[in-house]
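Q: Supplied in structure tokens, the structure appears directly below.
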Amino acid sequence: MSGQPRNAGRRNELSGAALSQLYGAGVGRAATRTRRRKALAMTSEGRRAGAGTYIVLVVTILLFLVPLYVAVSIASQDSSATQYGVQALIPGGGLWRNLVRAFGAIRFWQALGGTFFVATVVSLSTVFFSTLAGYSFSKLRFRGRGVLFLIVIGTMTIPQQLSVVPLYIMANKAGLFGSLWAVVIPGLVSAFGVFWMTQYLRDALPYELIEAARVDGCSMFRTFLSVAMPAARPAAAMLFLFTFIAQWTNYFWPMLILGPNKNSMLTVAAAALKGAYFTDYTVVMAGVCLTTAPLLLLFFFAGKQLVSGIMAGAVKG
């Protein structure tokens, strides 16, 4: 009898792999599931989450889901019966018909390809150049470093609307009006990204690793690629995520610069569904659903891998 509690305590201390070897695969899987459930129920401080935590989480989720639900509900209505009152909260039967109409009106595949191209190129470029600048500001000593960093941070205080006119003039003179490159080039690097990566690398990358790489014969750029980039992986992943979402939902600047090529990006193409004299909001909301769906699917299939990679890099760092 006394051996059973001792064995139970021993099982709790062993890992899933060790338990699988000692007691079989079933015991190992059961222990892993039990530990996972306990870990999910704990806060970062090691305390068990209470009812208030779950209430806050549920309310937060509802605040984000209700607008999406209303959009889907309006998109499922008949255009002649849409009153946008209580009826908008009751889904109708015309969702598929309105999605097909919006799909053809916005040239979905062309707009999806353009949006994915802009979001991917801008996100990769922002991560690379922001990490490069952050490494320089945080780990390299050169004259004027503090002043230059303050200038970069100062550009964050300038509203986007103030830069629209000079950007529009420069893009027009460069012959980029109506081209996706006019959307890509202004977003190749961001002041927020430089600030984000500078603050992260300042604490996450020790000077000893840089000195060891230089002693091994690495050049300055090779040290950046081999030492700084792996160390910056968690922050770089989050920066990529933020930038990708921002570019996917970007509307103001693409609407101004794309001109007649409004079907090149999803947000601008969906806004073009609004008519000059009459607007069928069921089709407009269907276009909004088509614009949002690829981003939701991306997070549904790749969100777990992205978050696990971020957490693994954070723990490793």
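Q: Estimate the FRET efficiency between Ala293 and Asp203 by the formula 1/(1 + (r/R0)^6), using the beta-carbon distance for r and 35 Å for R0, to the nearest 0.05.
A: Once rounded, the FRET efficiency stands at 0.35.
Q: Each residue of the range 206-215 in order: what ³J(HN,Hα) in whole Hz does its phi give by Karplus 6.51 cos²θ - 1.76 cosθ + 1.60, θ = phi - 60°, with x for Gly and Pro?
A: Ordered by residue, 3J(HN,Hα) equals x, 5, 4, 5, 5, 5, 5, 5, 5, 5 Hz.
Q: Something else now. Name the residues whose placed amide hydrogens come within less than 5 Å of the amide hydrogen of Gly92, ignoring near sequence neighbours (fewer than 5 apart) on the same chain.
A: Those qualifying (amide H under 5 Å, at least 5 residues apart or on another chain) are Ser76, Gln77.
Q: Further, regarding this structure: From the P(r) of the range 103-316, can you give the percent of Cα pairs sitting at distances over 32 Å? Working shown, then result.
A: On the way: 6860 of 22791 pairs.
Summing the P(r) of the range 103-316 above 32 Å gives 30 percent of all pairs.
Q: Roughly to the nearest percent, how much of the accessible area of the range 103-316 is carbon and sulfur, given a 1.4 Å probe?
A: 70 percent
Q: Just subtract the alpha-carbon distance of Phe64 and Thr157 from 0.36 nm times their residue separation and send over the number in nm, one decimal.
A: 30.7 nm
Q: Using a Förster distance of 45 angstrom, determine the FRET efficiency expected from the C-beta separation of Ala51 and Ala174, and round it to 0.05.
A: Result of the calculation: an efficiency of 0.15.
Q: Which whole-Hz couplings ³J(HN,Hα) result when phi for each residue of the range 227-235 is put into the Karplus expression 6.51 cos²θ - 1.76 cosθ + 1.60, θ = phi - 60°, listed in order with x for Gly and Pro?
A: Working through the residues one at a time gives 10, 6, 4, x, 5, 8, 4, x, 5 Hz.
Q: Can you figure out the FRET efficiency of Leu150 with Ile90, using R₀ = 45 Å and their beta-carbon distance, to the nearest 0.05?
A: 0.25
The values are calculated or read from the model by the stated rules, or taken from the named source; none is laboratory data. This one's a predicted model, so the numbers in the text were calculated from it and none came from an experiment. Here the Cβ is made from the backbone with ideal geometry for all residues, glycine too, and neighbour counts use every protein chain on show. Accessible surface areas use protein heavy atoms only, side chains included; no ligands, DNA or RNA. Shrake-Rupley method; radii C 1.70, N 1.55, O 1.52, S 1.80 Å.
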